[in-house]
Every structure is written in structure tokens, then in C-alpha cells.
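Participant: There's a structure below that I have some questions on.
Where a number appears in this text, it was derived from the coordinates with a stated rule and is not lab data. This structure is a prediction, so every number in the text was calculated from the model and none was measured. With ideal geometry, Cβ positions are generated from the backbone for all residues, glycine too; neighbour counts draw on all protein chains shown.
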Amino acid sequence: MAREDRRGGRDDDRDNEFVDRLVHINRVAKVVKGGRRFGFAALVVVGDQKGRVGFGHGKAKEVPEAIRKATEQAKNQMIRVPLREGRTIHHDIEGRWGAGKVIMRTAPQGTGIIAGGPMRAVFETLGVQDVVAKSLGSQNPYNMVRATFDALKKEYSPRMVAARRGKKVADILPKRPETAPTEQAES
């Protein structure tokens, strides 16, 4: 039975705030005298759908144990990504890992997640709703996920850029043209 904490919630709720997605399972065989011994490697992405995401890799003799190990590692290695309006990335970014290269572009509302398998899992657990992404080079899920994380670590919000430059956020953002009130034609 789960204990209640100070807020009146349960300890289990802390784990329930995260969404985890199994990206890839790899079965490996070790040949021994009596035949083959099988092991499993799992790649899992975990996020809170509010701007935090992490990935983990776990290996074990059984699939559930490999997934559990990967999930624990993912929760310990989470990063925070600034999102624009809570639905898309702030600017276009590229990421690389090994032979894997990914390109991500910001998208208008209603576009959805246009991305391949491993990248889609990262965006869904991150909480991105509108993004256009393309993976080039390696199709290895491990390299694609790592390249995606490499790109997400390079993303900066206008507030972060303003703080680094010692300016105001309004000075950083492009000026929007003022709409002049339309004058009615006199008849």
C-alpha cells in the first residue's frame, strides 16, 4: 500500500507523472557449450510532456527487467527543453551523433509531429505538438535518439539568450509590424 505524502497525494503519483515509450528492443545471443543464451537490450524514452525528457538503455536476460533498467536510467538522465507556447521548439536546430544527423524545424499550430519512429517517441514524451523533423544518415535508433538529444540541448529560448547577452527579451525578439487603425472612407 502506498503512503500519502504532505500534499495528500500518493508516492506512486511521482512515477505516474512520467510517460515512457519503448523505442527499440534488441535480442542478442551468446553461443555456449549447451546452445545459445539469449539476452535483451531495451531503449526507452521517458518524459513528463511538459518540457522534460530523458532516454535510457538497459540490458538483461528478460525483457521486462531490461525495460525497467532502461526506464530508471532515463529518469536519472532527464534534460529540460524550452518550448514555445508549450507546443513547439523555438528555432530550427540540427543535431549529430556518430553517423546520425537530425534536422528539426519549428512548425505552425496544427501541423502535428512529422518525424520518424525514434524521433517521434522523443517528441511525444517531451510534449511537443507541432514540429517537422528529418533524420539523415544512420537509421540506428540509438544514434537517432542521441542525435535528437544533441539537437535539443542546443535549443535556447529568447529569455536564455537575453540573459546571456544582458538585454531584455523585447530587444531580442524581432519587432512585429504595428497594425495601423484603418481609416474609414468618408462618403
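Participant: With all distinct Cα pairs included, what does the Kirkwood hydrodynamic radius of the chain come out to in Å, to one decimal, could you say?
Facilitator: Numbers: mean 1/r = 0.0524 Å⁻¹.
Taking every pair of different Cα atoms in the chain, averaging 1/r and inverting gives 19.1 Å.
Participant: Whole-Å semi-axes of segment 91-160's equivalent ellipsoid, largest first, each the root of 5 times a Cα gyration tensor eigenvalue? Walk me through the numbers before you get to the answer.
Facilitator: Details: eigenvalues 70, 41, 19 Å².
Equivalent ellipsoid of segment 91-160: 19, 14, 10 Å, largest first.
Participant: In addition: Where does the chain land at 222 nm, in deg cm²/dmol rounded to the nearest 500, when only DSSP H runs of n ≥ 4 count, each adding -39500 (n - 2.57), divided by all residues?
Facilitator: Numbers: 6 runs with 54 residues, N = 187.
Counting only the DSSP helices, I get -8000 deg cm²/dmol.
Participant: Mind jotting down the distance between the C-alpha centroids of segment 44-84 and segment 109-169, whole Å?
Facilitator: Centre-to-centre distance over Cα atoms comes out at 16 Å.
Participant: Give, rounded to the nearest 20 debye, the magnitude of the charge dipole that segment 12-170 has about its Cα centre when Lys and Arg contribute +1 at Cβ and Asp and Glu contribute -1 at Cβ.
Facilitator: Details: 30 positive and 16 negative charges, 140 e Å.
Approximately 680 debye in magnitude.
Participant: Only four residue types carry charge here, +1 at the Cβ of Lys and Arg and -1 at the Cβ of Asp and Glu. Report the dipole size of segment 23-90 about the Cα centre in Debye, rounded to the nearest 20.
Facilitator: 300
Participant: Follow-up. Restricting to the chain, compute how many DSSP beta bridges are antiparallel as a %, nearest 5. Walk me through the intermediate numbers first.
Facilitator: Numbers: 37 of 39 bridges.
Here the share of antiparallel DSSP bridges comes out near 95 percent.
Participant: By how many nm would the segment from Arg36 to Asp92 grow when fully extended, if each residue of separation counts as 0.36 nm and the alpha-carbon distance is taken off? Before the final figure, lay out each step's value.
Facilitator: Values: separation 56, 0.36 × 56 = 20.16 nm, distance 4.71 nm.
Gain in length upon complete extension: 15.5 nm.
Participant: Sticking with this one: Give the residue from His91, Val63, Val32 lying farthest towards the positive end of the charge dipole for segment 12-170; charges sit on Cβ (+1 for Lys and Arg, -1 for Asp and Glu) and the dipole is referred to the Cα centre.
Facilitator: Of the options given, the answer is Val32.
Participant: Rounded to the nearest 0.05, what FRET efficiency do Asp171 and Ile103 have when you use their Cβ-Cβ distance and R0 = 22 Å? Can you show the working numbers first?
Facilitator: Values: r = 29 Å, r/R0 = 1.30.
Approximately 0.15, to the nearest 0.05.
Participant: For the peptides 123-129, 111-117, what is the packing order when you average, over each peptide's residues, the other Cβ atoms within 10 Å and list the highest mean first? Mind dumping the intermediate values first?
Facilitator: On the way: 123-129: 22.9, 111-117: 15.9.
Per-residue mean Cβ counts within 10 Å order the peptides as 123-129, 111-117.
Participant: Only helices at least 30 Å long along their axis, Cα-based, and averaging -0.5 or more on Kyte-Doolittle count here, so list those DSSP H runs from the chain. List each step's numbers first, then the result.
Facilitator: On the way: long enough: none.
Helices meeting the criterion: none.
Participant: Just need the Rg to Rh number for segment 15-96, please, alpha carbons only, Kirkwood Rh.
Facilitator: Values: Rg = 16.5 Å, Rh = 14.3 Å.
Taking Rg over the Kirkwood Rh, I get 1.15.
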